Amino acid sequence: MPSSAPNPPDPPDSRGPILFLLLLLMAGFLTVVWGLGREPASSPVPAAPPASPGAPLATDPSAPASPPSAPTSSAPAAPAPRSPLPGGGRRIFAGNRFLVAYYGTAETGALGVLGETEPDEMQHRVRRAARPFRAPGRPVQIVYELIVTIADRGPGPDGDFSHDIERRLVQRYVDAAHRHGALLLLDLQPGRSDFLEVARRWRWALEDPWVGLALDPEWRLGPHRAPAQVIGHVDAAEVNRTSRWLARLTDHHRLPQKLFVLHQFRTAMVNHVERVKPRPGLAMVQHVDGFGTRREKLATYHAVARPERFLMGLKIFYDEDRGRMGASAVHRIRPHVRFVSYQ
């Protein structure tokens with residue numbers, strides 16, 4: 001006979017919560033295992049930046065240690081300096097270097113020996129001329145001094161009494177300089193134009209690390225003069241404007257030191273020469289160009305030379321000099337000559 005008491009409630013089923021806990025534990029375990037096999041996407045390890053030329057390596061004991069708390073700069077690194085000069089280094093006269101040049105223009109010997117032969121043949125000749133100047137502790141650097149703006153007897157289409165040689169001819173000497181480890185010096189005979197105006201036309205070549213600039217005031221004429229009628233002249237202010245422009249170009253492109261030459265054989269050729277300013281990035285040379293006997297050349301040299309302001313240069317003429325100086329005679333000159341060119 002059935003009891004009249006109410007049936008007791010069914011016991012709660014405990015399998016649901018237990019199964020849920022087991023699933024949670026298994027999911028957490030799988031997450032941990034999966035995470036150990038990879039790096040978090042939110043914290044990549046940055047690659048070390050490449051060391052710039054000249055920067056000390058981390059293993060160099062002389063390298064200063066950075067403060068551990070110093071923040072990393074976000075500014076871009078400065079560009080590395082451009083290629084060094086022939087033979088290494090970034091200063092023209094470093095290591096007591098002595099310069100020997102051939103002077104002239106392209107494809108003709110009328111203005112000097114540089115253009116009497118093709119550049120590769122000329123290289124052999126200038127090396128022979130330079131050999132006697134070499135000595136222990138005094139290496140010799142070859143230079144091609146190329147007249148790129150030539151003074152003319154007539155005014156020409158623009159009335160400035162000068163013209164530029166073709167770009168392809170200049171490029172030929174740029175290429176030869178790099179083949180043979182030579183410096184190239186662009187020489188300006190501007191006629192009635194300003195030196196700076198003319199120099200800017202050759203910017204494309206002066207951006208090359210091995211190309212320098214020479215100013216020849218003999219061929220810098222006033223508004224009513226023509227070349228070969230008078231000996232020209234330039235004021236120090238114009239020289240300074242030109243050297244400032246070249247120094248800024250050198251700094252902007254992080255180029256090695258450039259050769260900057262001022263030709264002179266009379267004191268009147270450079271007005272206020274004592275006001276010519278030195279320029280960082282330029283090796284400034286006063287090049288004395290007088291010809292004649294040794295006595296005459298030395299008299300000109302001593303009258304013009306300003307060694308407190310410039311390094312000194314001297315021109316040797318194959319045809320016009322009498323009793324032409326050799327290397328030993330040049331080395332005996334005081335103040336010291338550091339650059340000889342042959343014409």
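Against the list (1) within 19 Å of V148 (Cβ to Cβ); (2) surrounded by 18 or more Cβ atoms within 10 Å (Cβ to Cβ), the condition F265 fails is (1). Applying the selection to the stretch 289-326, what residues are touching a residue at least 24 places away in the same chain (Cβ under 8 Å), over 23 Å from L111 (Cα atoms) and among the hydrophobic types (A, V, I, L, M, F, W, C)? Scanning the stretch 289-326 gives L298, A303, V304, A305, F310, L311. Can you say whether F133 is aromatic (F, W, Y) and either farther than 18 Å from H287 by Cα or free of Cβ contacts under 8 Å to residues at least 24 places away in the same chain (or both), as far as the supplied structure shows? Judged against the criteria, F133 is not a match. Go through the stretch 286-343 residue by residue and tally those that are part of a strand (DSSP E or B) and under 31 Å from the mean Cα position of the chain (by Cα). Within the stretch 286-343, residues that are part of a strand (DSSP E or B) and under 31 Å from the mean Cα position of the chain (by Cα) number 15.
Here is the figure for the stretch 216-261: residues that are free of Cβ contacts under 8 Å to residues at least 24 places away in the same chain and either part of a loop (DSSP other than H, G, I, E, B) or in contact with a Leu (Cβ under 9 Å, 6 or more places away or on another chain) (or both) total 3. Is it the case that some residue within the stretch 245-266 is out of contact with any Asp or Glu (no Cβ under 7 Å at 6 or more places or on another chain) and over 26 Å from V211 (Cβ atoms)? Yes: one or more hits. Scanning the stretch 188-215 for residues that are without any contact (Cβ under 8 Å) to a residue 60 or more places away in the chain, aliphatic (A, V, I, L, M) and closer than 20 Å to Y144 by Cα yields L188, V198, A199, A205, L206, V211, L213, L215. Considering (1) in contact (Cβ under 8 Å) with a residue 12 or more places away in the chain; (2) surrounded by fewer than 14 Cβ atoms within 10 Å (Cβ to Cβ); (3) farther than 29 Å from P86 by Cβ; (4) of a type outside the set (S, T, Y), the lone condition that V273 does not fulfil carries the number (2). Checked against the criteria, D235 counts as out of contact with any helix residue (DSSP H, G or I) (no Cβ under 6 Å at 6 or more places or on another chain), closer than 15 Å to M269 by Cβ and modelled with pLDDT of 95 or more. Screening Q123 against (1) without any contact (Cβ under 8 Å) to a residue 12 or more places away in the chain; (2) part of a helix (DSSP H, G or I); (3) surrounded by fewer than 21 Cβ atoms within 10 Å (Cβ to Cβ) leaves a single unmet condition, (1). Any residue that is among the aromatic types (F, W, Y) and in contact with a Leu (Cβ under 8 Å, 6 or more places away or on another chain) - is there at least one of those in the stretch 143-151? Scanning the stretch 143-151 turns up at least one residue that is among the aromatic types (F, W, Y) and in contact with a Leu (Cβ under 8 Å, 6 or more places away or on another chain). Criterion first (basic (K, R) and in a helix (DSSP H, G or I)) does R279 satisfy it? For R279, the condition - basic (K, R) and in a helix (DSSP H, G or I) - is not met.
Cβ separations smaller than 8 Å between residues 6+ apart or across chains give the following pairs from the stretch 170-187 residues that are without any contact (Cβ under 8 Å) to a residue 40 or more places away in the chain and more than 17 Å from V140 (Cβ to Cβ) to residues that are buried (at least 23 other Cβ atoms within 10 Å of the Cβ) and among the aliphatic types (A, V, I, L, M): V174/L184; V174/V211.
Being over 17 Å from L146 (Cα atoms) and in contact with a strand residue (DSSP E or B) (Cβ under 9 Å, 6 or more places away or on another chain) is the filter here, so list the residues in the stretch 91-128 that pass it.
R91, I92, F93, G95, N96, R97, F98, listed by residue number.
If only residues of the stretch 190-211 that are over 15 Å from F260 (Cα atoms) and of a type in the set (K, R) are counted, the one that is surrounded by the most Cβ atoms within 10 Å (Cβ to Cβ) is R192.
The values are calculated or read from the model by the stated rules, or taken from the named source; none is laboratory data. Everything quoted here is computed from the prediction, not taken from an experiment. Neighbour counts run over all protein chains shown; Cβ positions are idealised from the backbone, glycine included.
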